[in-house]
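Asker: Quick one: structure below, then a few questions.
The values are calculated or read from the model by the stated rules, or taken from the named source; none is laboratory data. These numbers were taken from a predicted model, which means no experiment stands behind them. Note: ideal-geometry Cβ built from the backbone for every residue, glycine included; neighbour counts use all protein chains shown.
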Amino acid sequence: MLRTQIESHSMVKYKPVSDRPSIDIGSPLARDSESDIPRENGVDDAYLTPDHSRRPRRCETFYRAPIKQTFLILLAGIGLMNLGYQVYWFLRSLRPISCNCGETVAEAIANGCRYDSFAAAWLPPACRNDELIDRFEQAGPNPDGSWPYYGDKNKTQVLSVEEVSMLPETGGHFFTTHQWHLVHCAYYWKKMFLAVEQGTIIEHRYNNLAHLDHCEMMFLKRDPLDTIVTEAGVALHSDVIVTAKKHKHDH
């Protein structure tokens with residue numbers, strides 16, 4: 001008897017699907033009918049089905065805020081860096097750059113200066129064009145491209161460019177040709193032209209109208225190129241404008 005009762009309870013009766021009315025799940029009738037279906041055990045499906053529509057929105061809000069703040073901080077940092085860069089270069093442009101190298105050749109070398117042969121001066125990096133210097137030292141009439149330098153006008157004492165560069169130690173002068181003087185002027189015009197794009201400082205010694213007038217006069221002369229007509233000293237202080245002496249073709 002007990003076994004018969006258990007078997008009767010365990011048997012589940014299913015109603016054929018064909019006997020149920022078909023409803024379009026997208027129709028209002030389907031939504032209304034679904035809400036009218038009684039729930040077993042009094043439990044509503046709203047408690048059984050998780051609401052996924054709320055959590056993603058909270059997560060999106062949670063993640064968007066830090067990303068937005070980080071982006072704004074990065075923009076502010078870039079703006080401050082750019083402003084600082086502009087202020088630095090503005091202040092640097094207000095500060096004059098000296099083309100002086102010191103009181104002795106040793107001090108000039110210690111200050112990073114180099115002898116500029118077409119300037120006849122020791123100059124710091126900001127005031128010289130090393131490429132032009134190298135080209136000038138290969139543009140002379142000597143077989144190796146060097147220029148002739150002498151310790152006197154009669155050409156009895158030949159000087160190397162290294163010996164010329166040491167003249168500030170003795171206060172001596174060197175003598176050279178009319179050709180040297182013309183090419184010196186031409187190279188200074190090149191230096192001034194290139195200074196616009198390279199930012200080279202043209203030293204006060206030559207950055208003046210008087211030197212341009214002097215070069216104009218030299219080009220109008222008709223002296224032979226190999227004539228010794230140029231006498232010059234070697235400068236350590238190129239911030240100073242030196243007035244040329246009143247003797248023939250002095251540099």
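Asker: Looking only at region 171-216, count how many residues are hydroxyl-bearing (Ser, Thr, Tyr) and outside any strand (DSSP E or B). Spell out the reasoning first.
Answerer: Our first condition is that a residue be hydroxyl-bearing (Ser, Thr, Tyr); within region 171-216, this holds for 176-177, 187-188, 200, 206.
Then keep just the ones that are outside any strand (DSSP E or B); that gives 187-188, 200, 206.
Number satisfying all stated conditions: 4.
Asker: Here is a follow-up. Could you tell me whether residue 170 is assigned by TED's automatic domain parsing to the domain that holds residue 129 and at pLDDT 95 or above? Outline the logic, then answer.
Answerer: Working: assigned by TED's automatic domain parsing to the domain that holds residue 129: yes; at pLDDT 95 or above: no.
Considered against the rule, which asks whether it is assigned by TED's automatic domain parsing to the domain that holds residue 129 and at pLDDT 95 or above, residue 170 comes out as no.
Asker: Here's something else I'd like to know. What are the residues in region 114-131 that are surrounded by fewer than 20 Cβ atoms within 10 Å (Cβ to Cβ) and either among the acidic types (Asp, Glu) or in contact with a helix residue (DSSP H, G or I) (Cβ under 8 Å, 6 or more places away or on another chain) (or both), if any? Step through it out loud before you land on a result.
Answerer: Pass one, region 114-131, residues surrounded by fewer than 20 Cβ atoms within 10 Å (Cβ to Cβ): 114, 125-126, 130-131.
114, 130, 131, listed by residue number.
Asker: Shifting gears a bit: Out of all the residues in region 172-184, is one or more among the polar types (S, T, N, Q) and in contact with a helix residue (DSSP H, G or I) (Cβ under 7 Å, 6 or more places away or on another chain)?
Answerer: No, that holds for no residue.
Asker: Within the set of pairs 6+ apart or on separate chains, which have a first residue in region 199-223 that is on the phi < 0 side of the Ramachandran plot, a second that is part of a helix (DSSP H, G or I) and of a type in the set (Phe, Trp, Tyr), and C-beta atoms under 9 Å apart?
Answerer: 202/188; 206/188; 211/188; 212/188; 212/189; 215/188; 215/189
Asker: Would you pick out the residues in region 86-111 that are modelled with pLDDT under 90, in a helix (DSSP H, G or I) and either farther than 16 Å from residue 203 by Cα or hydrophobic (A, V, I, L, M, F, W, C) (or both)?
Answerer: Here is the first cut: in region 86-111, the ones modelled with pLDDT under 90 are 86-97.
Next cut, in a helix (DSSP H, G or I) only: 86-94.
If the condition is that a residue be modelled with pLDDT under 90, in a helix (DSSP H, G or I) and either farther than 16 Å from residue 203 by Cα or hydrophobic (A, V, I, L, M, F, W, C) (or both), then 86, 87, 88, 89, 90, 91, 92, 94 are the ones that fit.
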